[in-house]
Amino acid sequence: TWTLCDNGYTDIVYDKAEGIARVTINRPEVRNAFRPQTVQEMLHAFSDARDDGDIGVVILRGAGDLAFCSGGDQRVRGEGGYVGDDGVPRLNVLDLQRLIRTLPKPVIASVAGYAIGGGHVLHLICDLTIAADNARFGQTGPRVGSFDGGYGASYMARIVGQKKAREIWFLCRQYDAKQALEMGLVNTVVPLAELEAETVKWAREMLANSPTALRFLKAALNADCDGQAGLQELAGSATLLFYLSEEGKEGKRAFLEKRPPDFKQFKRFP
Ligand code: 2NE
């Protein structure tokens, strides 16, 4: 049973159940396109999922069966980005991409219907994608006067290869779930009616495994692509483990007790 986390959100639904947090983009009238407010709320919910020690896996999905997300809301695209009520043009979905990427827990995209444009990049950035058989994938940037040359280009190429990434971006075609599976864009395809159950099944399987092992594996796989930022993420997790060790604690204790640290008591492993 999902428990609603009512934080006054207007554009998303955020709920939790048994170690799983679920973020649902709730703008089906525009195929779950995001505006700055939507992204702001997703940043808030994903930050909560990151900080909640009871949460081990996060699911991202769209409301309804027609779309996961259709990217930036073109109706509010202003001169320098997507414009919110404050009148400021933003591309804050890039902050969301980084939050999902560096969140030290697996994030699953559960895709029914369209994952298009910036919505396609959002599923790409998730650790795993479970697709319904009605899912359709693609980029539209060059057709609508936009592009995502960050993760949307370079990470996509890591997944599908350089030739295919160029095809996806240069031609702006749509691909069905079977083609996406063949490209390695998604992990599995299931009948639409089974999407929710299958997504939760994958989440539960991961919840049964060591959270620290998953955390390090995610950081290590990111580090392979993310340069110094990836190393920072991996090293941050290593520092966490070190702080938890007696050797790490000895350094802090010695400082607070105004004595030299005694690191000789700790074994050197080969
Ligand atoms: C998603 C897609 C393929 C769905 O097609 P269909 O035929 O199922 O639905 P339809 O009729 O096109 O859409 C239903 C309603 O949703 C609105 C439509 O305008 C329509 O509204 P009404 O006519 O009923 O009033 N709608 C759909 N997507 C919207 C959007 N993104 N913004 C605002 N309204 C939207 C088809 O709708 C489609 O191709 N949508 C546009 C996809 C797109 O180009 N997205 C932007 C890409 S750029 C981007 O996301 C981006 C970036 O490149 C870089 C950084 C950040 C973001």
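The values are calculated or read from the model by the stated rules, or taken from the named source; none is laboratory data. The shown structure was predicted, so the numbers you read here are calculated from the model rather than taken from an experiment. No Cβ is skipped: glycine too gets one built from the backbone with ideal geometry, and neighbour counts run over all protein chains shown.
Numbers for the structure displayed
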item	result
Index of the failed condition, GLY84 passing every other in (1) more than 9 Å from the ligand (Cβ to nearest atom); (2) more than 27 Å from LYS218 (Cβ to Cβ); (3) in contact (Cβ under 8 Å) with a residue 40 or more places away in the chain; (4) surrounded by fewer than 16 Cβ atoms within 10 Å (Cβ to Cβ)	(4)
Residue list for the range 132-144, filter: free of Cβ contacts under 8 Å to residues at least 60 places away in the same chain and either under 28 Å from ILE55 (Cβ atoms) or within 12 Å of the ligand (Cβ to nearest atom) (or both)	ARG136, PHE137, GLY138, GLN139, GLY141, PRO142, ARG143
Residue among ALA193, ALA157 that is more than 24 Å from ALA63 (Cβ to Cβ) and either exposed (fewer than 15 other Cβ atoms within 10 Å of the Cβ) or at pLDDT 95 or above (or both)	ALA157
Of all residues making up the range 1-51, the number that are of a type in the set (Gly, Ala, Ser) and within 16 Å of the ligand (Cβ to nearest atom)	1
Residues of the range 57-81 satisfying the condition of being away from the ligand (no atom under 12 Å from the Cβ) and either of a type outside the set (Lys, Arg) or more than 16 Å from the chain's Cα centre (by Cα) (or both)	VAL57, VAL58, ILE59, LEU60, ALA63, GLY78, GLU79, GLY80
Residue, nearest to the ligand (Cβ to nearest atom), within the range 149-165, restricted to residues that are within 21 Å of GLY72 (Cα to Cα) and assigned to a helix (DSSP H, G or I)	GLY152
Failed item, numbered, when ASP54 is tested on (1) under 19 Å from ASP127 (Cα atoms); (2) more than 16 Å from the ligand (Cβ to nearest atom)	(1)
Enumeration of residues in the range 86-105 that are part of a loop (DSSP other than H, G, I, E, B) and more than 8 Å from the chain's Cα centre (by Cα)	ASP86, GLY87, VAL88, LEU91, ASN92, PRO104, LYS105
Complete set of residues in the range 1-45 that are among the aliphatic types (A, V, I, L, M), out of contact with any Leu (no Cβ under 6 Å at 6 or more places or on another chain) and part of a helix (DSSP H, G or I)	VAL30, ALA45
Residue satisfying all of: in the range 111-127; in contact with a Ser or Thr (Cβ under 7 Å, 6 or more places away or on another chain) and in a strand (DSSP E or B); farthest from the ligand (Cβ to nearest atom) among these	VAL111
